[in-house]
Amino acid sequence: MINLQRILVPIEYRTSEGAVLIHACSLAQKYDAELHLLHVVEDRVFGRFRASSRHETVRLAREDLEALPDGIAASNVKTKREVRQGSPSQVIV
């Protein structure tokens, strides 16, 4: 039997995560698991946010993550949203 406690969903800035979030939310409901939404701000791409500084880039990324569809909230799934800096391959693992 599968016993999921946390489900990690890496989020890329302004891409379409709709189907991924719906599926992850469904799994979280089924297994009573926490959904962990993670966006990693890479040092080399912080200009993509049209930000003047790395601090502003992280702030904008947090705002974007908080603005994700609130279908998650309606599902009563416990959700953690986090923005980190670094290399996605290092941070996610």
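So in the stretch 58-82, with the set limited to residues that are touching a strand residue (DSSP E or B) at 6+ places or on another chain (Cβ under 6 Å) and either more than 26 Å from ARG6 (Cβ to Cβ) or open to solvent by 50 Å² or more (accessible area, probe 1.4 Å) (or both), which one is modelled with the lowest pLDDT? Ranking the qualifying residues of the stretch 58-82, first place goes to ARG62.
Within the stretch 25-57, can you find the residues that are of a type in the set (Phe, Trp, Tyr) and either open to solvent by less than 40 Å² (accessible area, probe 1.4 Å) or modelled with pLDDT of 80 or more (or both)? It would help to see each step written out before you state the result.
Pass one, the stretch 25-57, residues of a type in the set (Phe, Trp, Tyr): 31, 46, 49.
Across the stretch 25-57, the qualifying residues are TYR31, PHE49.
The values are calculated or read from the model by the stated rules, or taken from the named source; none is laboratory data. In this text the structure is predicted, and so the values were computed from the model without any measurement. Using ideal geometry, Cβ is built from the backbone for each residue, glycine included, and neighbour counts are taken over all protein chains shown. These area figures cover heavy atoms from the full protein model, side chains too; ligands, DNA and RNA do not enter into them. Shrake-Rupley method; radii C 1.70, N 1.55, O 1.52, S 1.80 Å.
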